[in-house]
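First comes the structure, then the notes that go with it.
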Amino acid sequence: MAGDLSQTMSVSASGMEAQTVRLRVIAQNIANQDTTGTTPGADPYRRKTVTFETTLDKAVGADTVSVKNVGVDNSDLPQRYDPANPAADAKGYVKLPNVNTFLEVMDMREAERSYSANLSVMQATRSMANRTIEMLK
Amino acid sequence: MDPTRIPLFDLAEKRLTWTAQRQGVLAGNIANANTPGYRAKDLQSFASLLSGGGAIAPAQTQPGHLSGTIPSGVASVSKDPPQALSLDGNGVALDQQLTKVADTETTQSLVTQIWKAYVGMFNTALGRPS
């Protein structure tokens, strides 16, 4: 029975791990929001996206979560007229990263909220395990 | 002394197993709160488990089939009807799930308290300091 509770802990841990990866990708996106190319007409940094998937952990026997893949956002790149930039093409336009700061901050809030929800479950599970042990006293 | 011979201890044990199982199901829901297409699950209620409803049993399509040896104390897991789906088809409402977690935790606390009170009564009857 205590096995059930420790399995529950590893399910919550998998959730926290997945949200951490998501937060890291968000940090990358925000850090690279002004990263343009270095040669004329080169593509700038493209926003990265994270997808989660449910995996049935055979050892645990429960629905853990893992990162399915880290993809690339293929939406259109905004352009700016800046002939002095090393990445400017023949017409003087520079391609900018398709990172939307507001979107990233919203995503960050959601990741934070999911992370703390997993943490609450972990705390609840831990106190349940403690109470089970205290039954011996 | 076999504690499972006493009905209250037997009941308490079943309920504790149920709370541990339910906590596992709810943790899975919360871990998958951002997984596309995931629907929240829940364990069948303890009352319906006690009355023997919803227990898992192998299908018997021929009269010669055996009924199987699955223990009767296993609760079945069902999908919750989603309240609202997000754009990616996820049906987990975090607040709802956390309420259920708190509820399960309270139940478990209650059961362990009752258990301890009963053990204390046995200790008193046996003349040991509790």
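Observations, loosely collected:
- Failed condition for A:L136, given (1) in contact with a helix residue (DSSP H, G or I) (Cβ under 9 Å, 6 or more places away or on another chain); (2) open to solvent by 50 Å² or more (accessible area, probe 1.4 Å); (3) facing chain B (nearest Cβ under 10 Å); (4) not hydroxyl-bearing (S, T, Y): (1)
- Restricting the first member to the stretch A:119-132 and to residues that are over 19 Å from B:A31 (Cβ atoms), and the second to residues that are of a type in the set (S, T, Y), the beta-carbon pairs closer than 7 Å and six or more apart or on different chains are A:R131/B:S109; A:R131/B:T112; A:T132/B:T112.
- Between A:T64, A:T125, the distinction of being touching a strand residue (DSSP E or B) at 6+ places or on another chain (Cβ under 9 Å), within 25 Å of B:T99 (Cβ to Cβ) and crowded, with 19+ Cβ neighbours inside 10 Å belongs to A:T64 only.
- Cβ pairs under 6 Å, 6+ apart, first in the stretch B:103-129 and over 14 Å from A:E134 (Cα atoms) and at pLDDT below 90, second assigned to a loop (DSSP other than H, G, I, E, B) and open to solvent by 60 Å² or more (accessible area, probe 1.4 Å): B:N123/B:S130
- Residue within the stretch A:30-45 that is closer than 14 Å to A:T101 by Cα, in contact with a helix residue (DSSP H, G or I) (Cβ under 9 Å, 6 or more places away or on another chain) and in contact (Cβ under 8 Å) with a residue 60 or more places away in the chain present: yes
- Residues that are assigned to a helix (DSSP H, G or I), open to solvent by 60 Å² or more (accessible area, probe 1.4 Å) and within 11 Å of another protein chain (Cβ to nearest Cβ), drawn from the stretch B:16-51: none
- The residues on offer are A:L77, A:L119, A:L103, and the sole one that is open to solvent by less than 40 Å² (accessible area, probe 1.4 Å) and either at pLDDT 90 or above or away from chain B (no Cβ under 14 Å) (or both) is A:L77.
- Screening A:T49 against (1) at the interface with chain B (Cβ under 9 Å from one of its Cβ atoms); (2) open to solvent by 40 Å² or more (accessible area, probe 1.4 Å); (3) among the β-branched types (V, I, T) leaves a single unmet condition, (1).
The values are calculated or read from the model by the stated rules, or taken from the named source; none is laboratory data. Please read these numbers as outputs of a predicted model, since none were measured by experiment. Neighbour counts run over all protein chains shown; Cβ positions are idealised from the backbone, glycine included. Remember, those area values only see protein heavy atoms, side chains included, never the ligands or the DNA or RNA. Shrake-Rupley method; radii C 1.70, N 1.55, O 1.52, S 1.80 Å.
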